[in-house]
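Enquirer: Submitted below is the structure of interest, expressed as structure tokens.
The values are calculated or read from the model by the stated rules, or taken from the named source; none is laboratory data. Remember, predicted model here, so these are calculated numbers, not experimental data. Because the Cβ atoms are built from the backbone with ideal geometry, glycine has one as well, and the counts that use them run over all protein chains shown.
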Amino acid sequence: MKGTLGFRRTALAGAVLATALGGGAFLVACGAGGQDGGGASAGGAARLSVADSYIPMPPAGGMAAGYLTVRNEGGEDDELVRVSSPGASSVTMHRSTASTMEQVEKLDVPAHGALQLARGGTHLMIMGWQKAPVLGDELELDLTFTRTGTISVKVPVKELTYRPGQQ
């Protein structure tokens, strides 16, 4: 009986070790999100999409704000670390509070969640337009993420009072 109990403990310990090592290999395999700009890989990696993007019509020759939502349907967090545009000399990320606006270096995109850039909160500041925007123009924004790489989106210039989801 004692030999059987020892065998069971050894077998159980081996099964636990195999499960732990196998799970670790699965996490490593799913952990790299890729940097090729083609979106995220399968498995638990970040899977990003962009929706509700718009730029309210800026004053002539002035800077503009940009708003959008980045959705992450994947199982890993990601970070927006850079935004650029071939149509503007500078695009920076900012966070507003009741009394201040500060530039930030990165913005979190949580797993199974969203990063929302909206009026009165986190937003983009777009400066140095290559040509003066008019209603209906689209500005290309290149959003660079830590894991996913770069996603390019066309963001429409809308009237100053535009709000997504309202007609």
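Enquirer: When the residues of the range 94-113 are filtered to those that are of a type in the set (A, V, I, L, M) and under 17 Å from G149 (Cα atoms), which remaining residue is surrounded by the most Cβ atoms within 10 Å (Cβ to Cβ)?
Expert: So, considering only residues that are of a type in the set (A, V, I, L, M) and under 17 Å from G149 (Cα atoms), the one surrounded by the most Cβ atoms within 10 Å (Cβ to Cβ) is V109.
Enquirer: Now for a separate question. Name the single residue that is modelled with the highest pLDDT among those in the range 67-106 being of a type in the set (A, V, I, L, M, F, W, C) and more than 19 Å from L48 (Cβ to Cβ).
Expert: Within the range 67-106, the match that is modelled with the highest pLDDT is A88.
Enquirer: Then there is this: What do you reckon, is S152 closer than 19 Å to M57 by Cβ and at pLDDT 95 or above?
Expert: no
Enquirer: Is it the case that A132 is under 17 Å from S90 (Cβ atoms), among the small types (G, A, S) and part of a loop (DSSP other than H, G, I, E, B)?
Expert: It is true that A132 is under 17 Å from S90 (Cβ atoms), among the small types (G, A, S) and part of a loop (DSSP other than H, G, I, E, B).
Enquirer: Then there is this: Kindly indicate the residue of the range 127-146 that is acidic (D, E) and more than 18 Å from the chain's Cα centre (by Cα) and also surrounded by the fewest Cβ atoms within 10 Å (Cβ to Cβ) among those meeting that condition.
Expert: Top of the filtered list is E138.
Enquirer: For residues in the range 107-146 being of a type in the set (D, E, K, R) and either in contact (Cβ under 8 Å) with a residue 40 or more places away in the chain or in contact with a Lys or Arg (Cβ under 7 Å, 6 or more places away or on another chain) (or both), which is farthest from L48 (Cα to Cα)?
Expert: K131
Enquirer: Another question about this same structure. For a quick check of your reading: which strands (runs of 3 or more DSSP E) sit entirely within the range 73-126 and have at least 2 residues that are within 13 Å of the chain's Cα centre (by Cα) and of a type in the set (A, V, I, L, M)?
Expert: In the range 73-126, the matching strands (runs of 3 or more DSSP E) lie at 78-84, 107-109, 113-117.
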